[in-house]
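I have placed the structure first, in the form of structure tokens, so that the comments after it can refer back to it.
The values are calculated or read from the model by the stated rules, or taken from the named source; none is laboratory data. Fair warning: this is a prediction, and the values are worked out from it, not measured in the lab. Cβ coordinates were reconstructed from backbone atoms using ideal geometry, including for glycine residues, and neighbour counts include every protein chain displayed.
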Amino acid sequence: MTYINRNMQIIEQRFPATFHHIKDSMEQGRSTSWKESSNYDSAWLEAVTQSIGDNKIVFVYGFGRGLSIAELLDRYPDRWFFVYEPNMNVVVDSLEEMDLSMVLEHSSLYWLAVGEETIKTAFTLMCSYMQNKIGFLALRYYLEQEEDVIDEIKEEFMEYRKTFFSNKFTEHRFRMEWTQNSLLHLNDFFEQVSIEQLYGTLKGIPAVIVSSGPSLKEDIEWIRKIKDRALIISAGSSIQALIANQIEPHMTVIMDGHSINQKIFSSPESLQPPLLYAASSYYKISDSKADQKILSVMSSDHISLHFLGLQTEQVFIRPTSTVAGTAVQAAICFGADQIIFAGQDLSFSNNEYYSAGIAHHDSKNAENNVATATEKVLNVKGSYNATDEGFLAMKSGLESLIEKFPEVRFVNTTRHGAEIAGAPFQPIDKVYEELKDLKVDPHVIPNLLHNLEPIAGMEYKNQVLNQLKSVFEDVGNVNQESMKLLNDLGKIRALSRTKPVKAQKNLEQIEKQWAQIASRDWFAVIFETLIPLEIHAFDRMLPEIVNESNIVRKCDLIEEHLTLVLKAIRDQLPALQDIIEESIKRMESGI
């Protein structure tokens, strides 16, 4: 077997995402790379000792030929190394020229990320397993070529970490709603048209994404006029302002999974336009609308993806921190080559939170948010608006989204709002004049939907239904298995102090029992959504548990932390069974 085949075989087994990325890159051709020196670099090894310190998790910038990595793995077998090599060609050359199996198979090489697009995966895993600190170091080549590389990567990671933990708390807050929405929307995949079916159907038609910021009230009449010249897409709560002014958009978009949406869509008029809804959005809104519905399964909706057997590459919409981002992607999916933002203030313009007509919110809370805002953001007029971290996250999310579509022209018409990188400000009256030669039918989307049918057939539906029934039964099995495991865990701590040899054997059985529970194909999908904080807390302790050699300490750790996870799982099982049962009923009755 050639070096490349042997090495790639190991990578496919241990780092499947990296394997596919390397394979795709190899098919696209190669460019120049650098080669790590084969000389033993004792000076570098001594220099990085301080960076590693007592950190259990270590991030290494650079893989090279794997020589320095091999030295680190040999010297620090009790650490978990996350290695990132930005230069794809360096790794491919090394895989072809050397047998790297000793490095690639080493248990302390926890993750290998290759190519600039993969660093976020490494960051996610690091956030999952880190406790307090992480060691950062770089290969000599990168230290010499990029003097500030360590400081830059630390800063990038810390920003990512902040977002990661914010997302975890958001996941925890909406854990039951998201699980319920995704499971109860499974039947819709077989009853409704999906956004992917509409790809390219409105090519060249510009889209106005209407949000509910305070600037909207000054441009609302222009929205009425521009409706004949562009697609008007209402993002989330902005439908209230449009309806209050007797403007019916071409489409509304809902992403939020919370029941607050019942207030937003409480009037019959708000449900009149065609509705694009995420599978994880609040299910009672789509239930309330009889027709003209478009379903979107997002790439982050792991529950829907799992049960429907979809890969992330098969769905168009990616998650963003704002429903406007969902609306933008929908417009681009339709074929829009120009996106126009309206009411996208991303700040408290004129010390206001929402536009007039937005009625779902608590006005006192909104006033308090404005009064206590401590952040500032540059606005389109060159001065500054008060804002908060939530709006700044939305701004960052939109700007990242804009970068992904360089072929689309973005314009920001929000006259008092924050500047949006990649979307220069232009008054809406000027945009209106630019669109004077266009004409858009008010029924353009209903006309499209009239000629389309859901693409998923009955055989496919029966497969999903049978899978749901199987999981429903298996939840009962998990209930029994987790009860037994908790009972065994309750004895391990005392046993480790009196009969350590027996404790070791029992510990091995406990690990097998836990593996039996957690290795179910649906388990991680469901419980990483239902108990994200508890799973994360357990993951953070894994490096310490795995590397602990003292049987007493090891038993204490696993009893304490696995017990918490099992109790959290058992707390969710009754509600989970009820939701799955309801999902089965919906699929059987075609609701």
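Tabulated data for the structure shown
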{"quantity": "Among residues of segment 109-133, those that are over 23 Å from the mean Cα position of the chain (by Cα) and buried (at least 18 other Cβ atoms within 10 Å of the Cβ), counted", "calculated": "1"}
{"quantity": "Count of segment 370-391 residues which are modelled with pLDDT of 90 or more, of a type outside the set (Lys, Arg) and either loosely packed, with under 15 Cβ neighbours inside 10 Å or under 27 Å from the mean Cα position of the chain (by Cα) (or both)", "calculated": "6"}
{"quantity": "Filter result for Ser496 (polar (S, T, N, Q), surrounded by 14 or more Cβ atoms within 10 Å (Cβ to Cβ) and in a helix (DSSP H, G or I))", "calculated": "yes"}
{"quantity": "Unique residue being in contact with a strand residue (DSSP E or B) (Cβ under 8 Å, 6 or more places away or on another chain) and basic (Lys, Arg) when the list is Lys217, Lys203, Lys154, Lys225", "calculated": "Lys154"}
{"quantity": "Selected residue (criterion: surrounded by the most Cβ atoms within 10 Å (Cβ to Cβ)) from residues of segment 320-339 that are part of a helix (DSSP H, G or I) and polar (S, T, N, Q)", "calculated": "Thr326"}
{"quantity": "Any helices (runs of 4 or more DSSP H) falling wholly within segment 517-591 and containing at least 2 residues that are free of Cβ contacts under 8 Å to residues at least 12 places away in the same chain", "calculated": "551-589"}
{"quantity": "Lys395 closer than 22 Å to Gln329 by Cα and either charged (D, E, K, R) or not in a helix (DSSP H, G or I) (or both)", "calculated": "yes"}
{"quantity": "Enumeration of residues in segment 398-417 that are farther than 23 Å from Asp228 by Cβ and over 25 Å from the mean Cα position of the chain (by Cα)", "calculated": "His416, Gly417"}
{"quantity": "Subset of segment 417-448 (residues that are part of a helix (DSSP H, G or I) and either within 18 Å of Asp219 (Cα to Cα) or among the β-branched types (Val, Ile, Thr) (or both))", "calculated": "Ile428, Asp429, Lys430, Val431, Tyr432, Glu433, Glu434, Val444, Ile445"}
{"quantity": "Members of segment 263-284 found to be of a type in the set (A, V, I, L, M, F, W, C) and surrounded by fewer than 23 Cβ atoms within 10 Å (Cβ to Cβ), listed by number", "calculated": "Leu271"}
{"quantity": "Failed condition for Asp474, given (1) in contact with a Ser or Thr (Cβ under 6 Å, 6 or more places away or on another chain); (2) under 30 Å from Glu581 (Cβ atoms)", "calculated": "(1)"}
{"quantity": "Of all residues making up segment 172-210, the number that are within 14 Å of Ile294 (Cβ to Cβ), in a helix (DSSP H, G or I) and of a type in the set (Asp, Glu)", "calculated": "2"}
{"quantity": "Residue selected from segment 206-221 under the condition of a type in the set (A, V, I, L, M, F, W, C) and modelled with pLDDT under 95, by the criterion surrounded by the fewest Cβ atoms within 10 Å (Cβ to Cβ)", "calculated": "Ile220"}
{"quantity": "Condition check for Ile260: aliphatic (A, V, I, L, M), buried (at least 20 other Cβ atoms within 10 Å of the Cβ) and assigned by TED's automatic domain parsing to the domain that holds Lys293", "calculated": "no"}
{"quantity": "Hey, Leu73 under 17 Å from His20 (Cβ atoms), of a type in the set (A, V, I, L, M), in the same structural domain as Met8 (by TED's automatic domain parsing) and at pLDDT 85 or above or not", "calculated": "no"}
{"quantity": "Residue within segment 304-319 that is in a helix (DSSP H, G or I), modelled with pLDDT under 95 and either surrounded by 20 or more Cβ atoms within 10 Å (Cβ to Cβ) or of a type in the set (D, E, K, R) (or both) present", "calculated": "yes"}
{"quantity": "Residue within segment 229-236 that is in a loop (DSSP other than H, G, I, E, B), aliphatic (A, V, I, L, M) and farther than 17 Å from Ala324 by Cα present", "calculated": "no"}
{"quantity": "Residue in segment 313-335 that is assigned by TED's automatic domain parsing to the domain that holds Leu184, touching a residue at least 60 places away in the same chain (Cβ under 8 Å) and acidic (Asp, Glu) present", "calculated": "no"}
